[in-house]
1. State whether the residues of region 305-313 include one that is over 21 Å from residue 339 (Cα atoms) and out of contact with any strand residue (DSSP E or B) (no Cβ under 8 Å at 6 or more places or on another chain).
2. Mind checking whether some residue in region 229-245 is closer than 29 Å to residue 347 by Cβ, in contact with an Asp or Glu (Cβ under 8 Å, 6 or more places away or on another chain), at pLDDT 75 or above and surrounded by 20 or more Cβ atoms within 10 Å (Cβ to Cβ)?
3. Any idea which residue in region 256-269 is nearest to the chain's Cα centre (by Cα), counting only those that are buried (at least 18 other Cβ atoms within 10 Å of the Cβ) and at pLDDT 75 or above?
4. How about region 442-479: which of its residues are modelled with pLDDT under 85, part of a strand (DSSP E or B) and within 30 Å of residue 343 (Cβ to Cβ)?
5. Would you check which residues across region 480-509 are in contact with a Ser or Thr (Cβ under 7 Å, 6 or more places away or on another chain) and part of a strand (DSSP E or B) and list them?
6. So residue 325 ticks every box in (1) surrounded by fewer than 20 Cβ atoms within 10 Å (Cβ to Cβ); (2) within 25 Å of residue 375 (Cα to Cα); (3) out of contact with any Phe, Trp or Tyr (no Cβ under 8 Å at 6 or more places or on another chain) but one. Which box is left unticked?
7. With respect to residue 336, is the statement that it is of a type in the set (Lys, Arg), within 38 Å of the chain's Cα centre (by Cα) and either over 19 Å from residue 412 (Cβ atoms) or assigned by TED's automatic domain parsing to the domain that holds residue 401 (or both) true?
8. Since residue 351 meets every condition but one in (1) in a helix (DSSP H, G or I); (2) more than 22 Å from residue 428 (Cα to Cα), which condition does it not meet?
Amino acid sequence: MSNSLILLILTGLVCLAAGAFAGRLIFQSSHQKKEEEAELKATEIIKNAEINAENIKRDRVLEAKEKYLRLKTEFEDDANKKRIILSENEKKLRDNEQKNKDRERQLNQQQEQTKRKEDELIALKTQLAQQAESVKRKQEEAEKMLESQVMQLERIANLTADEARQQLIDALKADAESRASAYVKNIVEEAKLTATKEAKKVVIETIQRTAAEQAIENCVSVFNIESDDIKGKIIGREGRNIRTLEAAVGVEVIVDDTPDAIIISGFDPVRREIARLSLHRLVQDGRIHPARIEEVVAKTKKNIEDEIVEIGERTAIDLGVHGLHPELIRMVGRMRFRSSYGQNLLQHSREVAKLCSTMAAELGLNAKLAKRAGLLHDIGKVWHEEPELPHAILGMELAQKYKENPEVCNAIGAHHDEIEMTSLISPIVQVCDAISGSRPGARREMMESYMQRLRDLESLALGFQGVDKCYAIQAGRELRIIVDSDRITDERASQLSYDISQKIEKEMQYPGQIKVTVIREMRAVAYAK
C-alpha cells in the first residue's frame, strides 16, 4: 500500500472524528436549550395551576356560602308555612267546635218541636175518629132516607130506578148526538171556509204560474213525403222493402191512398219513432233495399238510445235537478217516447215537477226536493221489464236502489196511495199529478171504463140506507143523491154525504175530485075537490 493511500485514509479518519466531535457538541448545546425551555414551561404551568387552584377554591367557598344561605332561607320559609298552617288548622278546629255546638242546639230545638207536633197529631187523630163516627152515622141516616124517597118515587111514577135511569141516559144520548152532529157540521163548514179557501188559493196560483200545452197522442205516426212516387220505392218489389222494415222495427207500415203520407202504426212510440227516422233517412239517401234498410234501422236504434240519454240530461238541466243517477237520467229520457192515457209522459212529468216546485215554495217547503220528486214520480212506467207491481211501488224501489232521498222515494210510492205518506212533499206530488192529468184535453179515457166508473159511483151510493135515487152528473164530477125524507133527518143527511165521500175515496179510482150532494125534500100535497 502506498503512502499516499495511507495518508488519504488517515486524513479521512481524522475528518470523521472531527465531524463526530462537532456533532456531539452541537447536540449537547441543543439539548441544554431544550432542558432550559422545559424548566421554564414547567415553572409557568405550576404558577398557572396554583392560580387556578386559588380561583377554584374561592368559587367553591362562594358556592358553599350561597347554598348555605339558600337552605337557610328555605328552612325559614318552611317553618313560616308550617306556623301558618298550624294557625289555620287551629282556627278551623275552633270554627268546627262552634258549628257543632250550634248544630247540637238546633237538634235540641227540633226534638222539642217534634214532640209538640206528635202531641198535636194524637189530639187530631182523636178528633178525626170522632168526626168519622159522626159522618158514618149521618151517611147511614141519608141512605135510609134516600131508599125511602126512591120507594116513594117508584110508587108515584110506576117506574123502577133502573128504568128511570135508562130513560134519562137515552134522552141524554139523543141530545148529545144531535148536538155533536151540529157541532161537527159547524166545524166542517168552518174548515171548508178557511182550509178550502187557502188550498184553492195555492192551487190556483200554482196552475196560473205553470202553463203547459196539451196534446193527445195516438197509436199512429204520419210520415210525410213529397210525392206519391216514393211510395213505390218504399214498398219495393213484391213488397219486400216494406216487409223488411216491418220485421226490423216491429211496426206496421200502411201505404194507402192517403196523399203525400205514409202511416206508421204501433203501440210502442219508440218503435214508431225508429221507423219514422229510418224512412226519413232512406228517402233522403234514395237507396232503398233490404240490406240498406237493416243497416239504417240499426244505426237509428243506436241514435235513439243516445238521444234518450241526451233528452234525460237536457230535461234535468232545464229543471235544475242535479245529481241524478245515469240510469235514472236514461229513464227520464225514455219518458219522451211513452204516453199515459194519451198524455206524453215526459211533458206530464215536467209539468208535475214545475207544479210541485211552485206549490212547495208557496207552502214554505223544499222546492228543489219537491221538483225532483215530481220529475221522478212516474219512472216506474218506463222500466224495461214488466214486474207484477204498481208503477208507483216500482218507481219507489228504483229510486231507493239508486240512492235517492227518502222523502223523494216516499212521494213516488205514495202518489197513488199504495203506501202511507210520511212527508209533506208526498201529498204535493199527488195533488200536482192530479192537476196535470185533469187539465182539459190532457188525457183521454176509454168509453167503457168511463161508463163503468159512473155506474160504480151510482151503485155505491145506492148501497146506503135511506137513499132513494142517485145520479152521476157533470161527467162523473158530481154525485147527486135524493134521500127519503121520512127515514133521513137533516143531521143524518149531512153525515150521509160525508160517509159516501169517504167510501168513494177508499174504494174507487178517479181523476180530480167528486162532489157529493145529498138532497132531502119534504113535499106536502093536497087536493081541492
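The values are calculated or read from the model by the stated rules, or taken from the named source; none is laboratory data. Treat the numbers as computed from the prediction; the structure is a model and nothing was measured. Reconstructed Cβ throughout: ideal geometry from the backbone, glycine too, with neighbour counts over all protein chains shown.
1. Step one: list which residues in region 305-313 are over 21 Å from residue 339 (Cα atoms), which gives none.
Looking for residues that are over 21 Å from residue 339 (Cα atoms) and out of contact with any strand residue (DSSP E or B) (no Cβ under 8 Å at 6 or more places or on another chain), one finds none in region 305-313, hence no.
2. Taking region 229-245 and keeping what is closer than 29 Å to residue 347 by Cβ, we get 245.
Add one more test, that the residue is in contact with an Asp or Glu (Cβ under 8 Å, 6 or more places away or on another chain), and what stays is none.
No, region 229-245 has no match at all.
3. 264
4. 471, 472, 473, 478 - these are the residues of region 442-479 that are modelled with pLDDT under 85, part of a strand (DSSP E or B) and within 30 Å of residue 343 (Cβ to Cβ).
5. If the condition is that a residue be in contact with a Ser or Thr (Cβ under 7 Å, 6 or more places away or on another chain) and part of a strand (DSSP E or B), then 480, 481 are the ones that fit.
6. Just one mismatch for residue 325, condition (3).
7. yes
8. Checking residue 351 against (1) in a helix (DSSP H, G or I); (2) more than 22 Å from residue 428 (Cα to Cα), the one that fails is (2).
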